[in-house]
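Inspection log for the structure reproduced underneath, given as structure tokens.
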Amino acid sequence: DLLARIQPAASPRALDELVDFGWFAIIAKPLFLAMRWLHDHWIPNYGWAIVILTVIINMGLFPLKWKSMLSAWKLQKIAPQMRAIQEKYKKYRFNDPRKQEMQKELMALYKQHGVNPLGGCFPLLLQLPFFYAFYKVLVVSIEMRHAPWFGWIQDLAARDPYYILPVMMTATMYISTRMTPMTTTDPAQQKLMRLMPVMFGVIFLTVSSGLVLYWFVSNLVGIGQQWWINRQQQARTAAEKTVAKRKKKS
């Protein structure tokens, strides 16, 4: 805005290119403008603007998460059968032609139960551009520099001096992963998924407080959403059991 006033003749595109929002600039630029609007017209604190915008983004992407969870539940139901097929072919090497038979049996199982093995991944992939775009907004925006949130966070562009936010982010991420159903039957992959929060926590120790705040709030919203999703699934499972009992009696 300052450069536009100093040099009005410069093309808007030339000025926009001074700040590189990355591959998903088409998403990042509106997010940046929304965050600045919240700061200028609603709450004059970029930390709280990040919190509000993070909640809005997560609620907007909730239908994709719901669809992903539906696929995860279907995969969980047939997990014992999947495990039995994998154990059957476990003795063969990965390049053994007989391994192809395992894939055929798994695909037949998916088809029989109407399960799309990629159904849980695709909705999550659609969310990645939004997460990456917001990451770029928080990293490259000069507005974050020396912008305080509250308490010990006095610079959203700098790391948390006491590592409180990264620790809280790691804890909420761990809770979220424990609440989310595992779609994989491989014990090694399950162990890796449980270690993911710790790995992310180490990575986020030195990144900007604004980015950690975004991830922490995303985790909090995700925990609330997952709690509601799990309640819905419990009600659905109870209803299915009731129907099955009635059928047996009749």
- [ ] Would you be able to tell me the number of residues in the stretch 199-246 that are β-branched (Val, Ile, Thr), closer than 20 Å to residue 62 by Cα and either in contact with a strand residue (DSSP E or B) (Cβ under 8 Å, 6 or more places away or on another chain) or open to solvent by less than 30 Å² (accessible area, probe 1.4 Å) (or both)?
- [x] 3
Open item on the list: Here are the criteria: (1) among the hydrophobic types (A, V, I, L, M, F, W, C); (2) assigned to a helix (DSSP H, G or I); (3) open to solvent by 80 Å² or more (accessible area, probe 1.4 Å); (4) touching a residue at least 12 places away in the same chain (Cβ under 8 Å). Tell me which single one residue 196 does not satisfy.
Closed with: (3)
- [ ] Of the conditions (1) modelled with pLDDT under 80; (2) under 30 Å from residue 26 (Cα atoms), residue 93 clears all except one; give me its number.
- [x] (2)
Task: Restricting the stretch 46-82 to residues that are farther than 20 Å from residue 126 by Cα and small (Gly, Ala, Ser), the residue that is farthest from the chain's Cα centre (by Cα) - done: 79
- [ ] Within the stretch 159-183, work out how many residues are more than 22 Å from residue 65 (Cβ to Cβ) and open to solvent by less than 40 Å² (accessible area, probe 1.4 Å).
- [x] 3
Open item on the list: For a quick check of your reading of the model, give me the residue pairs whose first member lies in the stretch 210-226 and is under 20 Å from residue 70 (Cα atoms) and assigned to a helix (DSSP H, G or I), whose second is open to solvent by 10 Å² or more (accessible area, probe 1.4 Å) and among the basic types (Lys, Arg), with beta-carbon atoms closer than 7 Å and at least 6 apart or on different chains.
Closed with: 225/65
- [ ] Go through the stretch 132-151 and count every residue that is open to solvent by less than 70 Å² (accessible area, probe 1.4 Å) and either touching a Pro at 6+ places or on another chain (Cβ under 6 Å) or in contact (Cβ under 8 Å) with a residue 12 or more places away in the chain (or both).
- [x] 12
Task: Verdict on residue 118 being more than 14 Å from the chain's Cα centre (by Cα), modelled with pLDDT of 80 or more, surrounded by fewer than 20 Cβ atoms within 10 Å (Cβ to Cβ) and closer than 30 Å to residue 84 by Cβ - done: no
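Considering the stretch 40-59 alone, what residues qualify as being in a helix (DSSP H, G or I), without any contact (Cβ under 8 Å) to a residue 60 or more places away in the chain and open to solvent by 20 Å² or more (accessible area, probe 1.4 Å)?
Of all residues in the stretch 40-59, those in a helix (DSSP H, G or I) come to 40-41, 46-59.
Next cut, without any contact (Cβ under 8 Å) to a residue 60 or more places away in the chain only: 40-41, 49, 52, 56.
Matches in the stretch 40-59: 40, 41, 52, 56.
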Task: Given (1) in contact with a Lys or Arg (Cβ under 9 Å, 6 or more places away or on another chain); (2) farther than 26 Å from residue 24 by Cβ, number of the condition residue 222 does not satisfy - done: (2)
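Only one residue in 142, 153 is over 19 Å from the mean Cα position of the chain (by Cα), modelled with pLDDT under 90 and within 30 Å of residue 20 (Cα to Cα), so which one is that?
Values: 153 fails: modelled with pLDDT under 90.
Step by step, each of 142, 153 is checked, and only 142 is over 19 Å from the mean Cα position of the chain (by Cα), modelled with pLDDT under 90 and within 30 Å of residue 20 (Cα to Cα).
The values are calculated or read from the model by the stated rules, or taken from the named source; none is laboratory data. Remember, predicted model here, so these are calculated numbers, not experimental data. Note that we place each Cβ from the backbone using ideal geometry, even for glycine, and neighbour counts take in every protein chain shown. Heavy atoms of the whole protein, side chains included, go into the accessibility calculation; ligands, DNA and RNA do not. Shrake-Rupley method; radii C 1.70, N 1.55, O 1.52, S 1.80 Å.
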